[in-house]
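The values are calculated or read from the model by the stated rules, or taken from the named source; none is laboratory data. Because the structure is predicted, anything quoted here is derived from the model rather than measured. Cβ: placed from backbone, ideal geometry, glycine included. Neighbour counts: every protein chain shown. Each accessible area value is taken on the protein alone, full model and side chains, heavy atoms only, with ligands, DNA and RNA left out. Shrake-Rupley method; radii C 1.70, N 1.55, O 1.52, S 1.80 Å.
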Amino acid sequence: MPSEPAVRTGPTAATPPKAQNGHRAATPRDARADRKNVAHDVRKDVREDGRADARTDVPRQDPGDGASTPTLRVLTEDGTRLPDPDLDRWLADLDPAALDDDAREAARTTLLRLFEDMVVARRIDAEATALQRQGELALWPPLLGQEAAQVGSARALRDDDFVFSSYREHAVARVRGAELVDLVRVWRGVAVSGWDPYAIGMASPQVIIGAQTLHATGWAMGVQNDVDAGRVDASAGLPVGVAYLGDGAMSQGDVNEAFVFASTYRSPVVFFCQNNQWAISEPVALQSRVPLAERARGFGMPGVRVDGNDVLAVLAVTRAALDRARHDGGPTLIEAVTYRMGPHTTADDPKRYRDAAEVEEWTGRDPLARFEAYLRSVGVLDDAGAARVQGVADAAAAELRAGCVALTDPPPLSLFEHVYAEPHHALERERAEYAHYLESFGDGEDGDDGAGGPGAAGDRAASGAATSVTGVAR
Amino acid sequence: MSTLTVAKALGAGLRRAMTDDDRVVVMGEDVGRLGGVYRVTDGLQAEFGPRRVLDTPLAESGIIGTAVGLAYRGYRPVCEIQFDGFVFVAFDQILSQLAKMHARTGGKVRLPITIRIPVGGGIGAAEHHSESPEALFAHTAGLRVVSVANPQDAYTVLRQAVACDDPVIFFEPKRRYHLKGEVDLDPVDPLPMDRARVVREGHDVTLVTWGGLVGTALDAAVAASDDGVSVEVIDLRSLSPIDHDTVAASVRKTGRVVVTHEAPRQAGLGAEIAATVTDRCFEYLEAAPVRVTGHGMPYPPAKLEGHYLPDLDRILDGVDRVLGRVETFVPAPVPDAAAPGGAPGSPGATRTVEAVAR
């Protein structure tokens, strides 16, 4: 007769829950229950405040629902262009109906480029996700759903602006000029960054949440020093530091310190927050009781809330914020209200924490479908044009795949490169020790990156290996 | 040559660095109009303007994080952290950003940032004002860590730190700010920043230290010589990388080494030095390396810091121990909690006496 299964006698007998989604689950079910209650209470409070639950409130929020910051948009979900007295002037170059022939052609080109950027972003994102599923990438943070927020903002930038992003801004990186294969080096594990920041005006992506907002602010402070020193001509409009952050980052101390510094020094920086509603499993209601854009006021800078799935509105508000920064107006916080359609990363399972109905609802606000409908309505896009764009996207996906699978592992001794900018005798000694060890295998490959002196392979390496055995036996 | 205090020498070093390179900016809390709480930056803002000598908001992570951005744009920021205990607020920006940026960008981005930190105890300060966090930074690859002990190094090493393309944690021992000495403002061929200095030669014992304890160690060496013991004193200066070559050369001569520092013993730099000396000089050693350090605890209230900090007597005791003149105290083994009454066969406290007597 098998004995009864062990009966739990109290909380201490519970199996500690496995940490999930990057969260510590330190103590058993009490803590877990507490957190659940907190989340529940926050959502409830928000509802009682007259604001809809953060799961469902955006981007339909309007001034009547209690928020003092309206969500700006110029395209409805079915692609109808709405007039907006504040935003239209930032989009004057993009109205095919109101322009003369030359300007109309330029407008069509720009509009089509926005569309192509978004379609390509979605396509390469899907390809990278597939590459992860096929074991070619260790991880991938999908941007699905955030194409308009990224493309609309990135296309507003000047070449001499500088972007400090988080880790999901693949479309921004591509617009800035990153090679497609550069997007996946990190996630394949062959490099810790994909590109030369100075070559494309974009820093290496940041994983520590919010840390980059301080870097953007410091960079912008440097612009001000450059003006003092005569290195930058202020009359041409200042270069601007642009920080991309997420809704979760808004809770971080660094972000709040960045706001203080930027506002205090009136630095030319734009904080572009993609509120995609979820910080892994934490809803935005856990991060903020008020719309994120409203935080700006307390720091002494404007906060703008824009429909992040409306590429034209995003372009307009970003142009406005950049213009303000360029002309000594100081920083702006933009909250682009959007939605992360997929998981946080390919390691995440969003079905555990969000409703299918919510995803379904946001699917109806697709940024690509909306913009495509608009472009077709104004005659900028037809079936042939759409097919051409899809061809460009497919080619990009193929290029990404080919580049990814062709990436090779870096040589072992490259470990020791670039830790320091100047010679460091302790590290050089460690490198020599490890090179010597690798040489002991005698295959002439491991040390063969030109640094360790592979000439010693062969007999001496073989005798080195023998010495090791002796050493162990001793 | 000028006669300057450590604090004035630091200010002179900053002034020269700022004059030589208009990309050098000084930033921190109270560094502008006040001239810093230790007056190191006195007069700099009036001379160079508020954008090159920035009074910052009270946000240490913000100071370091914005310095990272400034360096991204080609500047060479010198950040002042007001007191050692406040640097922890900026720890992420230092460890995760500053230390790694050159490596993570494949060498494309250099962050030549110097972080000046008044460090250590001995001035009767309140809590969070007397810490010795050097091991935390020395353990972090990508950073260089230096500690100055006299006016000449204050001036010279600070300029070397500012000129260095790597981030440098620059420790200034608070209790030596008012130490005066001759400073050559244009030294020819100064000792590189990453080299230790033998500040007193001797042949019986090597005494390794840095920062605020260098003066104490020199006093101990004088006292030891009265007792017939010749102590060689090494001011390590660079805590990352450590100049083990200079230490090893000394130990090969003396056969004995004592390391003294203010930080707690466990996982402190004394352990690193003792281990490396053992590794490199094993056949030369006449005795196991000895450490004389702070205790494993938060820094105590001011009235007790005399019991925490290594002083002349404790250093001499360490010298006596490495010479075998007094026994090292060996505490009782930790009882085995699983066995009632302790581990079987454990003789308990009585063994301590035997061990000491041995």
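Can you tell me which residue is nearest to A:ASP349 (Cα to Cα) among those in the range A:263-305 that are touching a Phe, Trp or Tyr at 6+ places or on another chain (Cβ under 6 Å) and among the hydrophobic types (A, V, I, L, M, F, W, C)? Among residues in the range A:263-305 that are touching a Phe, Trp or Tyr at 6+ places or on another chain (Cβ under 6 Å) and among the hydrophobic types (A, V, I, L, M, F, W, C), the one nearest to A:ASP349 (Cα to Cα) is A:PHE272.
Residue by residue, here is whether (1) within 14 Å of chain A (Cβ to nearest Cβ); (2) at positive phi; (3) under 21 Å from the mean Cα position of the chain (by Cα) holds:
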site	(1), (2), (3)
B:VAL222	no, no, no
B:GLU232	no, no, yes
B:SER240	yes, no, yes
B:VAL247	yes, no, yes
B:SER250	no, no, yes
B:LYS253	no, no, no
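Of the residues A:ALA435, A:ALA421, A:ALA451, the single one that is among the small types (Gly, Ala, Ser), modelled with pLDDT of 95 or more, farther than 30 Å from A:GLY342 by Cβ and in a loop (DSSP other than H, G, I, E, B) is A:ALA421. Filtering A:ALA406, A:ALA461 for residues that are touching a helix residue (DSSP H, G or I) at 6+ places or on another chain (Cβ under 6 Å) and either at pLDDT 95 or above or more than 14 Å from chain B (Cβ to nearest Cβ) (or both) leaves a single hit, A:ALA461.
None of A:ALA320, A:ALA243, A:ALA316 is part of a helix (DSSP H, G or I) and surrounded by 24 or more Cβ atoms within 10 Å (Cβ to Cβ) except A:ALA316.
Within the range A:174-210, the only residue that satisfies the criterion of being away from chain B (no Cβ under 11 Å), part of a loop (DSSP other than H, G, I, E, B) and surrounded by 22 or more Cβ atoms within 10 Å (Cβ to Cβ) is A:VAL184.
You will find that of B:VAL247, B:VAL229, B:VAL233, B:VAL251, the residue that is assigned to a strand (DSSP E or B) and touching a helix residue (DSSP H, G or I) at 6+ places or on another chain (Cβ under 9 Å) is B:VAL233 and no other. Out of curiosity, is B:ALA287 at pLDDT 95 or above and within 14 Å of chain A (Cβ to nearest Cβ)? For B:ALA287, the condition - at pLDDT 95 or above and within 14 Å of chain A (Cβ to nearest Cβ) - is not met. Taking the condition open to solvent by 50 Å² or more (accessible area, probe 1.4 Å) and in contact (Cβ under 8 Å) with a residue 12 or more places away in the chain, does A:GLN224 pass? Here the answer is no, as A:GLN224 does not meet what is asked.
Could you tell me which of the residues B:GLY32, B:GLY74, B:GLY62 is surrounded by 24 or more Cβ atoms within 10 Å (Cβ to Cβ), of a type in the set (Gly, Ala, Ser) and within 21 Å of A:GLY222 (Cβ to Cβ)? Checking each option against the conditions leaves just B:GLY62. Among the residues making up the range A:246-284, those that are within 14 Å of another protein chain (Cβ to nearest Cβ), open to solvent by 10 Å² or more (accessible area, probe 1.4 Å) and in a loop (DSSP other than H, G, I, E, B) are A:GLN252, A:ARG266.
Taking the numbered list (1) within 12 Å of the chain's Cα centre (by Cα); (2) within 14 Å of chain B (Cβ to nearest Cβ); (3) assigned to a loop (DSSP other than H, G, I, E, B) in turn, A:ARG168 passes all entries but (2).
If you check B:ASP30 against the conditions, is it in contact with a Ser or Thr (Cβ under 9 Å, 6 or more places away or on another chain) and of a type in the set (D, E, K, R)? Taking the combined requirement at face value, the residue satisfies it.
A single entry from B:ALA59, B:ALA71, B:ALA67, B:ALA46 fulfils the requirement of being under 15 Å from B:PHE170 (Cβ atoms) and among the small types (Gly, Ala, Ser): B:ALA67.
Within the range B:196-209, the set of residues being open to solvent by less than 70 Å² (accessible area, probe 1.4 Å) and either of a type in the set (D, E, K, R) or more than 18 Å from B:TYR155 (Cα to Cα) (or both) comprises B:VAL198, B:GLY202, B:ASP204, B:VAL205, B:THR206, B:LEU207, B:VAL208, B:THR209. What do you reckon, is A:ARG113 out of contact with any Leu (no Cβ under 9 Å at 6 or more places or on another chain) and basic (Lys, Arg)? When the stated conditions are applied, A:ARG113 passes them. Residues in the range A:323-336 that are surrounded by fewer than 24 Cβ atoms within 10 Å (Cβ to Cβ) and of a type outside the set (Lys, Arg): A:ASP323, A:HIS327, A:ASP328, A:GLY329, A:GLY330. Restricting the range B:22-31 to residues that are within 13 Å of chain A (Cβ to nearest Cβ) and assigned to a loop (DSSP other than H, G, I, E, B) leaves a set whose member that is nearest to the chain's Cα centre (by Cα) is B:GLU29. Of the candidates B:LEU213, B:LEU218, the single residue that is modelled with pLDDT of 95 or more and over 14 Å from the mean Cα position of the chain (by Cα) is B:LEU218. The helices (runs of 4 or more DSSP H) located wholly in the range B:47-157 that include 2 or more residues which are facing chain A (nearest Cβ under 8 Å) and more than 25 Å from A:TYR265 (Cα to Cα) occupy B:101-104. A single entry from B:GLU182, B:GLU172 fulfils the requirement of being part of a strand (DSSP E or B), among the acidic types (Asp, Glu), surrounded by fewer than 23 Cβ atoms within 10 Å (Cβ to Cβ) and in contact with a strand residue (DSSP E or B) (Cβ under 8 Å, 6 or more places away or on another chain): B:GLU182. The listed residues are B:VAL89, B:VAL146, and the only one of them that is open to solvent by 10 Å² or more (accessible area, probe 1.4 Å), in the same structural domain as B:GLU29 (by the TED database), of a type in the set (A, V, I, L, M) and touching a Ser or Thr at 6+ places or on another chain (Cβ under 6 Å) turns out to be B:VAL89. Only one entry in A:ARG168, A:ARG158, A:ARG133 is surrounded by fewer than 20 Cβ atoms within 10 Å (Cβ to Cβ), farther than 17 Å from A:GLU372 by Cβ and touching a Pro at 6+ places or on another chain (Cβ under 9 Å), namely A:ARG158.
Screening A:SER153, A:SER193 for residues that are of a type in the set (Ser, Thr, Tyr) and within 20 Å of A:VAL270 (Cβ to Cβ) leaves exactly one candidate, A:SER153.
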